[in-house]
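Just below is one structure, and these are the notes that go with it.
The values are calculated or read from the model by the stated rules, or taken from the named source; none is laboratory data. This structure is a prediction, so every number in the text was calculated from the model and none was measured. Please note: Cβ atoms are built from the backbone with ideal geometry, for glycine as well, and neighbour counts cover all protein chains shown. Accessible surface areas use protein heavy atoms only, side chains included; no ligands, DNA or RNA. Shrake-Rupley method; radii C 1.70, N 1.55, O 1.52, S 1.80 Å.
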Amino acid sequence: MEDRLPIAADPAGAHHMPVLLSQVLNGLAVRPSAWMIDCTTGGGGHTEALLTRSAPDGRVLGIDADPAAIRRVSVRLADSIASQRLVLHHGDFARLEETASAYAFAPVDGVLLDLGVSSFQLQTSERGFSFSQPGPLDMRFDPAQPLSAADIVNDWEERDLADIIFRYGEEPQSRRIARYLVKHRPFATTAQLAEAIEQAVGGRRGSRLHPATRTFQALRIVVNQELAQIEGVLPQALNLLKPGGRLAVISFHSLEDRIVKHWMQNEARTYVPDPARLHGGYNRQPTLRILTKKPVVPDEGEVSRNPRSRSAKLRVAEKLPPI
Ligand SMILES: C[S@@+](CC[C@H](N)C(=O)[O-])C[C@H]1O[C@@H](n2cnc3c(N)ncnc32)[C@H](O)[C@@H]1O
């Protein structure tokens, strides 16, 4: 049976559909009375489903770096807050253990990370995440943090700009784009930046991908230190899980997915080669069992209902008991 898709909407008409919902709930094996942490509560879609599946007395700690997301979910799920089944926290998930301990929320049965940007953030032009919505060059999940996309585009050295566009956008034309941007800056809006990038690479050339897509991804990753946040949260999530507890991670691009995949593979390894010895190494007790040999991806029906789910990849692992 397909799980109901809770769609979070706000008065401005923006909405966010949780991706891979039934796959996440089944992967996490959410049971009545479970305690779960949703590290990326966003529009609250997964959070609400976790509450429903863990009824009648399961609990969820919902975290988000974006104060607007926390405000919206605190209205949407006010009943669960009143019944003390839901606690919401504004902050980075890289401080997961500290946050869980502040709410005495450990050990837990499951942890969910649904990475990246929500439809609310993309559809709110003032947040500056999208080149299809003209807005200020911002891209901060938390508007209180100091570095914005405008600081990077308008102030950084050409070489540094080219390096991040290449590394975090995997953009083959990074040098050409950086050179053009430095020559034509400053830029104030997402639309101006997108147009300049299009000029820099000589137009759209028939590609389905907008020429600014990769550069926007790179800027967002750097502004929010996204990869460092993921590297930081994974071991903390493992520490917080009960033996048999599950971790589910949805990523939306290869840089995120690679970090998750390699970390899970490393934790699941029973034999660790020793680089100092040609044929040497040692056996050890793995901490995780990987439950998704290949990442779970949305089916055609989900992609047509929710095109944003197109690039989603879900990986799930279970914490093993110590021997
Ligand atoms: C894809 S959305 C989550 C959507 C949510 N699962 C739902 O069903 O509505 C990702 C959310 O993660 C938040 N986020 C991204 N990086 C974060 C971090 N390092 N710490 C906390 N929240 C983060 C973003 O602000 C955004 O609201």
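A simple rule links phi to the HN-Hα coupling: the Karplus curve 6.51 cos²θ - 1.76 cosθ + 1.60 with θ = phi - 60°, which for region 139-147 gives 6, 7, 5, 10, x, 8, 7, x, 7 Hz, with x for Gly and Pro.
Loop-located chymotrypsin sites (Phe, Trp or Tyr not before Pro) in region 26-120 (DSSP state other than H, G, I, E, B) with a sparse environment of at most 15 neighbouring Cβ atoms within 10 Å: 103. Normalised radius of gyration (Cα atoms, divided by 2.2 N^0.38 Å) for region 42-123: 1.04. Farthest toward the positive end of the dipole of the chain, out of 91, 201, 217, is the Cα of 201, where the dipole comes from beta carbon charges about the Cα centre. Dipole size of region 146-223 about its Cα centre, with +1 on Lys/Arg Cβ and -1 on Asp/Glu Cβ: approximately 360 debye, rounded to the nearest 20. Within the shell of other residues whose beta carbon sits under 10 angstrom from the beta carbon of residue 318, the net charge comes to +3, with Lys and Arg scored +1 and Asp and Glu -1. All Cα-Cα distances of region 170-272, cut into 10 Å bins from zero to the largest, leave 12, 35, 24, 17, 11, 2 percent in each bin in turn.
At a Förster distance of 22 Å, what's the computed FRET efficiency of residue 57 paired with residue 79, Cβ-Cβ distance as r, to 0.05?
After rounding to 0.05, the efficiency reads 0.95.
Considering region 146-223 at the alpha-carbon level, its Rg and Dmax are found to be 11.1, 37 Å. Rolling a 1.4 angstrom probe over the protein heavy atoms with all chains in place gives region 146-223 an accessible area of 53 Å² per residue. Each helix, a run of at least 4 DSSP H residues, gives -39500 (n - 2.57); summed and divided by the residues of the chain, these come to -11500 deg cm²/dmol at 222 nm. 3J(HN,Hα) along region 154-163, derived from phi through the Karplus expression 6.51 cos²θ - 1.76 cosθ + 1.60 where θ = phi - 60°, amounts to 8, 10, 6, 4, 3, 5, 5, 4, 4, 4 Hz, with x in place of Gly and Pro.
Please go through region 75-162 and write out the GluC sites (Glu not before Pro) that DSSP classes as loop and that have at most 14 other C-beta atoms within 10 Å.
Here the GluC sites (Glu not before Pro) that fit, given the DSSP loop and packing criteria, are 157.
In whole angstrom, note down how far apart the Cα centers of region 89-160 and region 246-269 are. Answer, in whole Å: 19.
Got a number for carbon plus sulfur as a percent of the chain's accessible area, 1.4 Å probe? Ligands and nucleic acids excluded, carbon and sulfur give 52 percent. Using only the Cα atoms of region 255-308, build the gyration tensor, take square roots of its eigenvalues as a ≥ b ≥ c, and label the shape rounded, prolate or oblate: rounded if a/c is under 1.5, else prolate if a/b is larger than b/c, else oblate. It is prolate, given that a/c is not under 1.5 and a/b is the larger ratio.
Relative to its residue count, the chain spans a Cα convex hull of 161 Å³ per residue.
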